[in-house]
Amino acid sequence: MPPDHVRDVGLQVLRALSAAHDLEIVHRDVKPGNVLDAGVGTWKVADFGIAKWVHADETLTGTGELLGSPSYLAPERIEGRQAGPASDLYAVGVLLYEAMTGRKPFEGDDPFALAAAIREGRYEPPGAVRHDADPGIAAVIERAMRREPAGRFESAEAMAVA
């Protein structure tokens with residue numbers, strides 16, 4: 001996607017997640033299939049089917065069950081830690097990486113190899129994949145995709161400002 005389009009989609013997704021996070025709701029399945037083109041340059045975040053209230057017991061969905069789309073799961077989710085707003089922001093980073101470069105940042109021959117790549121943070125920076133990448137957007141993507149949640153943006157609003 002052209003940089004302006006990537007930025008516009010990202011801002012709209014972040015606006016939607018900011019509203020959900022303000023209500024203490026974590027989406028837990030941010031991915032391209034859940035970002036819908038509503039026409040006239042409007043994008044909507046859909047499918048809150050596995051969303052959770054941040055204070056809920058995550059085990060209510062099933063013991064040992066990992067919810068979400070593997071390619072967009074934050075490292076802490078793969079490691080069995082609870083999802084929080086930072087997990088959604090990580091997924092937005094992955095979504096924007098894919099929009100900017102035309103490919104997913106992490107690859108694996110099987111789910112275990114994919115999980116290992118995500119946990120280890122092994123990906124090619126967006127600017128190395130797409131040499132005409134907007135450096136500002138690339139920096140936001142890389143920060144959103146930091147391995148540890150504390151290294152990511154404090155909120156969807158802060159990511160949108162960046």
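The alpha-carbon of Lys104 sits under 17 angstrom from the alpha-carbons of these aspartates and glutamates, leaving out residues fewer than 8 places away in its chain: Asp29, Asp88, Glu120, Glu124, Glu142.
Taking the Cα centre of segment 77-133 as reference, the dipole from Cβ charges on Lys and Arg (+1) and Asp and Glu (-1) amounts to some 140 debye. Within the straight-line cut-off of under 18 Å between alpha carbons, the lysines reachable from Lys52 are Lys31, sequence neighbours fewer than 8 places apart in one chain being disregarded. Residue ranges 127-134, 34-41 sort as 127-134, 34-41 when ordered by packing (mean number of other C-beta atoms within 10 Å per residue, highest first).
Each value in this text was obtained by applying a stated rule to the coordinates, not by laboratory testing. For clarity, every value in this text was computed on a predicted model and none was experimentally measured. Don't worry about glycine lacking a Cβ; one is built from the backbone with ideal geometry, like all the others, and counts go over all protein chains shown.
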